[in-house]
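The values are calculated or read from the model by the stated rules, or taken from the named source; none is laboratory data. Bear in mind that the values here come from a model prediction, so they are computed numbers and not experimental data. Note that we place each Cβ from the backbone using ideal geometry, even for glycine, and neighbour counts take in every protein chain shown. The area values use the complete protein model at the heavy-atom level, side chains included, leaving out ligands, DNA and RNA. Shrake-Rupley method; radii C 1.70, N 1.55, O 1.52, S 1.80 Å.
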Amino acid sequence: MSEVAVKGAVKRYGPIAALDGVDLTFADGEFFGLLGPSGSGKTTLLRAIAGFIELDAGEIRIDGTDISRIPVHQRNIGMVFQNYALFPHMNVAENIAFGLDVRNVPAAEIKQRVGESLDLVRLAGLEQRRPKQLSGGQQQRVALARALVTRPQVLLLDEPLSALDKHLRQEMQVELRRIQRQIGITTIFVTHDQEEALTLSDRVAIFNKGQVVQAGSPRVVYERPVDRFAAGFLGEANFLDGRVSGIAGGVARVALSTGGEVLTPANELGVNDAVLIALRPEKISIDPAPAGVAAMPNRILGTVSAAIFSGSSLTYRIAVGDRIFIVFEQNKSRAPLPEHSTVMLEWPTADNVVVKS
Amino acid sequence: MTPTTRTRWAILGLTGPAYLWLACTIFLPIAAMLALSFLDKSPLVPKPASFTLANYGAFFGKPFYWSLTRWSIELGFWVTLFSFLIGYPAAYALAKRVKGRWREAIFLLIVLPFWSNALVRIFSWTMVLRPNGIIDLGVQSVLPGAPTVDLLFTYPAVIIGLVHSYLPYMILTCYIALQAIDDSLIEAGRSLGANKLTTFRRVVLPLSLPGIISGSALIFVPVIGSFMEPRILGGTKGATLGMNIEEQFTVTANWPLGAALSFILLAIVLVIFGMLYPFLRKQSGAA
């Protein structure tokens, strides 16, 4: 198994930089998610690692060996394509055997390894089927088995689950994770589905405009986004801007531009600094405002402008002055708070995350 | 009316005219020709005709017809082969390499010659192939004193003219088959360790086989019955079964023999495709 290191990767298409100086290291056996809006460079990076795209600058190393100049077929990679790209003129066994066949592996060994692969993806018995005769999930498994049977150093997945319906997608996520753990192969996958990235990955990297905005474990990236883009792309966030009015005991007091005050861990902040704070909607607790309650730091009064019911949870849109706060609440026993009623929003200091704008 | 009967009437109404037209323009003439091929006199002769197998007997009795037939089939084979060798790479380049507006422009260049009259195009080849023609002058200017290049009225001339006439069919059918092959299949082949040539041989070629087959059928069938190109470019040397059939109708006015030879030609085509069918079916991966 292998470590993949990307250093200073640059790829330009005319005036547009699809990759603009990307440095990332994918650790041995890691499941790494590349996340970002379309055109952010995540797919370009994946295809550069595969060898379908040649970098303008920078290098890609697998276990220390620079592979930038090695053609695709000599890189030891396995790739699963968005549309699976199964060969329609071959049956399942022939599809899986392809990579071994072109490597001149003896027939007996091919047969044995194809069998093992089919067991791994739990498709034994479907050897003679044509891709057309398989369901989407089964095609996905064949594509995975075909990519893994050659024992590649790296597994590359290009939006592997996007063509499946929601139910099957969740099932395949579990399956993908199981297989990846079982083999321990370094896996890099591209997705625009943030939930999928958070569920599957050991680490994720968020891409924007050809650059890595933030990389880290899903929890860190989600809880401690570095900037407005990262906070807004991964999940939802309320953004509060203001100025530090005082610091005491490692806590900064921030006067918001729209009125009201919040407290946030001071870290490197200084008095009078302009700050942008990201606040996750599920961190906020919402309650009917008791009579005579007053606003205070980390407590804001507002009125319900909309309550959106989505089964297991509710999304509130709360008007505070001319600003809208988004608040998520689990659907417990309480009836949804009525529109136009006055509510009190409260949240802990630690959930005010200062981000770059 | 129930919905099903209404659907049936709708289908009949929509397809009826087309079938009627086909029946009148194809089946009736063919039936008439079949009947004609068993008569002992041309309908032009004002005497009553009677049934005979002599027209078919003439074919099997004369080795002259066999050699004509053999040459016609060979001609079909060579023209199809050269059309494939020239047309397939062109189709591949168009489908997989050329993008956007260039593709349309090149397509136009392929189709453009076909806006002119076929007869004119074939005659223009005589100017290229004859002594003192374009090829000859070209060779002489590069190699002064080289022997005169005279391709006119030779087998190669017939093949060149027919390849010119039928090449676009191969390009178009192969193009359609090739552009339907998803690029990710080629990338998948490469990612699995196959070099470009192996990927082409194992993935692209088999998947484009239906296009090659239909292109070959579209070329082979008319070529073995062709008469205009062999006459103009091949003269007496290029005589084909098709030329002979045409002569039976237009020169010797022996319509029944012409009709019989036509049906023999049709039978040969059917037999050849019948023999190839199982093989083609297997290769094209019908699933």
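Which of the residues belonging to the range A:118-154 are basic (Lys, Arg) and either open to solvent by 20 Å² or more (accessible area, probe 1.4 Å) or more than 17 Å from A:His89 (Cα to Cα) (or both)?
Step one: list which residues in the range A:118-154 are basic (Lys, Arg), which gives A:122, A:129-130, A:132, A:141, A:146, A:151.
Of everything in the range A:118-154, those that are basic (Lys, Arg) and either open to solvent by 20 Å² or more (accessible area, probe 1.4 Å) or more than 17 Å from A:His89 (Cα to Cα) (or both) turn out to be A:Arg122, A:Arg129, A:Arg130, A:Lys132, A:Arg141, A:Arg151.
Would you tally the residues in the range A:294-319 being open to solvent by 40 Å² or more (accessible area, probe 1.4 Å) and in a loop (DSSP other than H, G, I, E, B)?
First pass over the range A:294-319, keeping only residues open to solvent by 40 Å² or more (accessible area, probe 1.4 Å): A:294-296, A:299, A:301, A:303, A:305, A:308-310, A:312, A:317.
Now narrow it down to the ones that are in a loop (DSSP other than H, G, I, E, B): A:294-295, A:312.
Matching residues across the range A:294-319 total 3.
For B:Phe60, all conditions in the list (1) open to solvent by 80 Å² or more (accessible area, probe 1.4 Å); (2) assigned to a loop (DSSP other than H, G, I, E, B); (3) without any contact (Cβ under 8 Å) to a residue 12 or more places away in the chain hold save one; what is the number of the exception?
Condition (2) is where B:Phe60 drops out.
Just give me the residues in the range A:4-42 being surrounded by 21 or more Cβ atoms within 10 Å (Cβ to Cβ), farther than 21 Å from A:Glu54 by Cβ and among the hydrophobic types (A, V, I, L, M, F, W, C), in sequence order. It would help to see each step written out before you state the result.
Kept after step one, since they are surrounded by 21 or more Cβ atoms within 10 Å (Cβ to Cβ), are these residues of the range A:4-42: A:4, A:6, A:9, A:11, A:18-19, A:22, A:26, A:31-36, A:40-42.
Right, trim to farther than 21 Å from A:Glu54 by Cβ and you get A:31-33, A:35-36.
If the condition is that a residue be surrounded by 21 or more Cβ atoms within 10 Å (Cβ to Cβ), farther than 21 Å from A:Glu54 by Cβ and among the hydrophobic types (A, V, I, L, M, F, W, C), then A:Phe31, A:Phe32, A:Leu35 are the ones that fit.
For the range B:110-182, give me every one of the helices (runs of 4 or more DSSP H) that falls completely inside it and has 1 or more residues that are buried (at least 17 other Cβ atoms within 10 Å of the Cβ) and out of contact with any helix residue (DSSP H, G or I) (no Cβ under 7 Å at 6 or more places or on another chain).
On the way: elements: B:118-129, B:134-142, B:155-179.
Once the helices (runs of 4 or more DSSP H) in the range B:110-182 are filtered for at least 1 residues that are buried (at least 17 other Cβ atoms within 10 Å of the Cβ) and out of contact with any helix residue (DSSP H, G or I) (no Cβ under 7 Å at 6 or more places or on another chain), what remains is B:134-142, B:155-179.
Condition check: in a helix (DSSP H, G or I) and either open to solvent by 20 Å² or more (accessible area, probe 1.4 Å) or in contact with a Phe, Trp or Tyr (Cβ under 6 Å, 6 or more places away or on another chain) (or both). Does A:Arg181 satisfy that? I'd like the intermediate steps shown before the answer.
Working: in a helix (DSSP H, G or I): yes; either open to solvent by 20 Å² or more (accessible area, probe 1.4 Å) or in contact with a Phe, Trp or Tyr (Cβ under 6 Å, 6 or more places away or on another chain) (or both): yes.
Here the answer is yes, as A:Arg181 does meet what is asked.
Considering every residue within the range B:71-90, establish whether at least one is part of a helix (DSSP H, G or I), modelled with pLDDT under 90 and acidic (Asp, Glu).
Within the range B:71-90, not a single residue is part of a helix (DSSP H, G or I), modelled with pLDDT under 90 and acidic (Asp, Glu).
How many of the residues making up the range A:80-100 are assigned to a loop (DSSP other than H, G, I, E, B) and within 22 Å of A:Arg169 (Cβ to Cβ)?
Taking the range A:80-100 and keeping what is assigned to a loop (DSSP other than H, G, I, E, B), we get A:81-91.
Then keep just the ones that are within 22 Å of A:Arg169 (Cβ to Cβ); that gives A:81-86.
Within the range A:80-100, residues that are assigned to a loop (DSSP other than H, G, I, E, B) and within 22 Å of A:Arg169 (Cβ to Cβ) number 6.
So, A:Val212, is that one modelled with pLDDT of 95 or more and either closer than 21 Å to A:Arg169 by Cβ or not in a strand (DSSP E or B) (or both) or not? Give the steps one after another, and end with the answer.
Working: modelled with pLDDT of 95 or more: yes; either closer than 21 Å to A:Arg169 by Cβ or not in a strand (DSSP E or B) (or both): no.
No.
Identify all residues within the range B:70-84 that are of a type outside the set (Lys, Arg) and either open to solvent by 30 Å² or more (accessible area, probe 1.4 Å) or more than 12 Å from the chain's Cα centre (by Cα) (or both); write none if there are none. Explain how you work it out, then say what you get.
Restricting attention to the range B:70-84, the residues satisfying the condition of being of a type outside the set (Lys, Arg) are B:71-84.
The answer is B:Trp71, B:Ile73, B:Glu74, B:Phe77, B:Trp78, B:Leu81, B:Phe82, B:Phe84.
Let me confirm something: among A:Leu337, A:Leu263, A:Leu314, which residue is of a type outside the set (Gly, Ala, Ser) and free of Cβ contacts under 8 Å to residues at least 24 places away in the same chain?
Working: A:Leu337 fails: free of Cβ contacts under 8 Å to residues at least 24 places away in the same chain; A:Leu263 fails: free of Cβ contacts under 8 Å to residues at least 24 places away in the same chain.
One residue alone meets the criteria, A:Leu314.
Going through the range B:27-39 one residue at a time, which ones are crowded, with 16+ Cβ neighbours inside 10 Å and of a type outside the set (Ser, Thr, Tyr)?
Looking only at the range B:27-39, we keep the residues that are crowded, with 16+ Cβ neighbours inside 10 Å, and these are B:33, B:36-39.
Across the range B:27-39, the qualifying residues are B:Met33, B:Leu36, B:Phe38, B:Leu39.
If I ask for residues that are among the basic types (Lys, Arg) and either free of Cβ contacts under 8 Å to residues at least 24 places away in the same chain or more than 12 Å from chain B (Cβ to nearest Cβ) (or both), which ones from the range A:48-101 would you list? I'd like the intermediate steps shown before the answer.
Residues of the range A:48-101 among the basic types (Lys, Arg): A:61, A:69, A:75.
Result: A:Arg61, A:Arg69.
Just to check your reading of the model, which residue among B:Ala239, B:Ala260 is assigned to a loop (DSSP other than H, G, I, E, B), touching a helix residue (DSSP H, G or I) at 6+ places or on another chain (Cβ under 7 Å), of a type in the set (A, V, I, L, M) and farther than 30 Å from A:Asp101 by Cβ? Before the answer, list the steps.
Values: B:Ala260 fails: assigned to a loop (DSSP other than H, G, I, E, B).
On inspection, the qualifying residue turns out to be B:Ala239.
Give B:Leu185, B:Leu205 a once-over and let me know the one that is among the aliphatic types (A, V, I, L, M), within 14 Å of chain A (Cβ to nearest Cβ), assigned to a helix (DSSP H, G or I) and open to solvent by 20 Å² or more (accessible area, probe 1.4 Å). Steps first, answer last, please.
On the way: B:Leu185 fails: open to solvent by 20 Å² or more (accessible area, probe 1.4 Å).
On inspection, the qualifying residue turns out to be B:Leu205.
Just checking, how many residues over the range A:236-265 are touching a helix residue (DSSP H, G or I) at 6+ places or on another chain (Cβ under 9 Å), open to solvent by 40 Å² or more (accessible area, probe 1.4 Å) and in a loop (DSSP other than H, G, I, E, B)?
Number satisfying all stated conditions: 1.
Would you call A:Phe52 assigned to a loop (DSSP other than H, G, I, E, B) and out of contact with any Cys (no Cβ under 7 Å at 6 or more places or on another chain)? Working first, answer last.
Details: assigned to a loop (DSSP other than H, G, I, E, B): yes; out of contact with any Cys (no Cβ under 7 Å at 6 or more places or on another chain): yes.
In short, yes.
Please find, among B:Gly189, B:Gly161, B:Gly133, the residue that is more than 22 Å from the chain's Cα centre (by Cα) and at pLDDT 85 or above.
On the way: B:Gly161 fails: more than 22 Å from the chain's Cα centre (by Cα); B:Gly133 fails: at pLDDT 85 or above.
Among B:Gly189, B:Gly161, B:Gly133, only B:Gly189 is more than 22 Å from the chain's Cα centre (by Cα) and at pLDDT 85 or above.
Return only the number of the condition from (1) in contact with a strand residue (DSSP E or B) (Cβ under 9 Å, 6 or more places away or on another chain); (2) of a type in the set (A, V, I, L, M, F, W, C); (3) open to solvent by 10 Å² or more (accessible area, probe 1.4 Å); (4) within 14 Å of chain A (Cβ to nearest Cβ) that B:Leu192 does not satisfy.
Going through the list (1) in contact with a strand residue (DSSP E or B) (Cβ under 9 Å, 6 or more places away or on another chain); (2) of a type in the set (A, V, I, L, M, F, W, C); (3) open to solvent by 10 Å² or more (accessible area, probe 1.4 Å); (4) within 14 Å of chain A (Cβ to nearest Cβ), B:Leu192 breaks only (3).
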